[in-house]
1. If R₀ is 60 angstrom, what is the calculated FRET efficiency for the pair THR199 and LEU312, using the beta carbon separation as r and rounding to 0.05?
2. Using θ = phi - 60° and the Karplus curve 6.51 cos²θ - 1.76 cosθ + 1.60, what whole-Hz ³J(HN,Hα) does each residue of segment 194-207 get, with Gly and Pro shown as x?
3. Hey, got the dipole for segment 263-411? About the Cα centre, +1 on K and R Cβ, -1 on D and E Cβ, debye to the nearest 20?
4. Out of residues 5 or more away from VAL127 or on other chains, whose amide H comes under 5 Å of its own, with H placed 1.01 Å from N in the peptide plane?
5. Which GluC sites (Glu not before Pro) does segment 41-111 hold that lie in a coil by DSSP with at most 15 other beta carbons within 10 Å?
6. Considering only DSSP beta bridges with both partners in the chain, what is the antiparallel share in %, to the nearest 5?
7. I'd like the antiparallel share, as a percent to the nearest 5, of DSSP beta bridges with both residues in segment 116-238.
8. Please state the charge dipole magnitude for the chain, taken about the Cα centre, from unit charges on C-beta atoms (+1 on K and R, -1 on D and E), reported in debye and rounded to the nearest 20.
Amino acid sequence: MGEIKRIIIIGAGQAGGETAQRLRQGGFAGDITLIGEEPAAPYQRPPLSKAYLKGELSMDRLLLRPAEMYAEENITLLTKLRAVWIDRSNKKVRVEGGRELPYDALVLATGAKPRKLPLVGADLEGVFLFRTAGDVDRVRERFVSGARLVVIGAGYIGLEVAAVARQCGLEVTVVETAVRPLARVTSPEVAGFFLDEHTRQGVRFVLGGQPAVLKGQDRVTGVALTDGMEIPADIVIAGIGVTPDIALAEQCGLTVANGILTDRHCRTADPAIYAIGDCAARPMVHFEGRIARLESVHNAVEGAKVVAAHLLGAKDHTEEAPWFWSDQYDLKLQIAGLFHGYEHVAFRGVMADRAFAAFYYKGERLIAVDAVNKPAEYLGAKMLIQTGRSLPPAVLEDTSRPMKELVASAR
């Protein structure tokens with residue numbers, strides 16, 4: 001690639017912000033330009049559907065670091081600005097307004113866009129997407145006790161929003177097209193546990209429901225389903241997932257397939273361009289090199305570490321097993337590994353105690369864990385997955401032995 005004096009990072013989310021910081025901390029003395037479409041400096045997204053929505057966390061505390069530190073570290077942070085074109089031949093990025101910025105290395109951390117409801121009425125007042133701090137600020141104004149909220153989509157974001165809404169006194173209905181919540185991300189057993197918990201907390205579920213139209217004149221008044229059911233609503237939140245923001249990558253001819261494809265070093269087919277975070281798909285070292293696109297803090301930070309090490313010519317970053325978490329009521333769900341393709345599941349603890357772990361196996365190999373209020377089981381299983389070790393299901397099910405002792409005995 002030649003000498004690197006100028007690095008541009010497109011996307012000022014967690015992945016982009018972490019990359020800028022790690023490059024500077026690692027000793028890179030050249031120009032770093034960080035371009036973001038939102039008005040704020042890089043901030044954490046996970047609290048948006050939790051403490052920030054609940055009003056327990058301010059915007060200042062969401063920031064990865066104080067905004068003024070970017071200038072202090074000679075990082076050019078350009079907010080409220082969109083990159084519109086990449087000229088790979090001449091190594092330039094064009095931004096809105098026509099300005100062109102040259103680069104020696106380019107990092108795409110463009111993130112993902114929330115899916116919009118493909119329904120008549122989706123543009124009514126009171127209908128919200130849920131991705132940015134600005135989205136949550138608009139929703140929060142309407143989070144008042146007694147308001148009727150319909151959440152469309154029962155993934156993690158939808159259920160976290162439902163939990164906060166119930167704690168704020170709203171009437172909550174969750175509409176999900178699948179026959180169970182969390183269908184894409186966990187087993188039927190764990191999904192059933194969360195379904196029971198939300199039902200106990202007063203959330204109403206319509207599973208297998210297909211929204212047909214959002215009702216209302218100027219503002220939403222309800223959600224009509226294809227079977228004729230109509231659910232009154234003052235607020236509708238769409239939580240039907242995201243799609244990777246690959247527009248710039250496609251425009252400049254990079255390879256994309258559910259994300260911008262990269263190698264282990266997060267490098268695209270163009271050796272001067274890297275892609276990280278929600279927008280990228282890369283080989284998973286703990287899962288036989290399977291290509292995966294992950295939407296998580298871990299993936300954002302991991303990508304930043306991998307790219308910074310590669311650009312600095314440092315030793316390769318040692319990757320962690322993928323991890324995720326979700327807070328709902330007093331339940332902390334911690335996940336390590338990737339459960340897709342599991343063949344059987346073993347449980348340690350019982351769901352009635354609201355503290356248990358589900359271990360997922362493919363053959364005899366442990367590939368993932370869902371741990372509810374069980375941090376030791378989460379950490380132990382994560383260590384096993386990272387180091388390629390496993391334990392028989394019967395051993396993990398034996399609660400008479402501490403998890404730490406079991407992990408130490410694994411080969």
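1. Working: r = 51 Å, r/R0 = 0.85.
Result of the calculation: an efficiency of 0.75.
2. 3J(HN,Hα) across segment 194-207, in whole Hz: 6, 4, 4, 5, 5, 4, 4, 7, x, 7, 9, 10, 10, 8.
3. On the way: 18 positive and 19 negative charges, 63 e Å.
So the dipole magnitude of segment 263-411 works out to roughly 300 debye.
4. VAL220, VAL236
5. Numbers: sites: GLU56, GLU68, GLU72, GLU73, GLU96, GLU100; in loops: GLU56, GLU73, GLU96.
Listed in order of number, the matching sites are GLU56, GLU73, GLU96.
6. Details: 49 of 84 bridges.
Antiparallel: roughly 60 percent of the beta bridges in the chain.
7. On the way: 8 of 25 bridges.
Of all bridge pairs located within segment 116-238, approximately 30 percent are antiparallel.
8. Working: 49 positive and 50 negative charges, 85 e Å.
Roughly 400 debye for the chain.
The values are calculated or read from the model by the stated rules, or taken from the named source; none is laboratory data. Please read these numbers as outputs of a predicted model, since none were measured by experiment. Backbone-built Cβ (ideal geometry, glycine too); neighbour counts: all protein chains shown. In case anyone asks, the SASA skips ligands and DNA or RNA and just uses the protein heavy atoms, side chains included. Shrake-Rupley method; radii C 1.70, N 1.55, O 1.52, S 1.80 Å.
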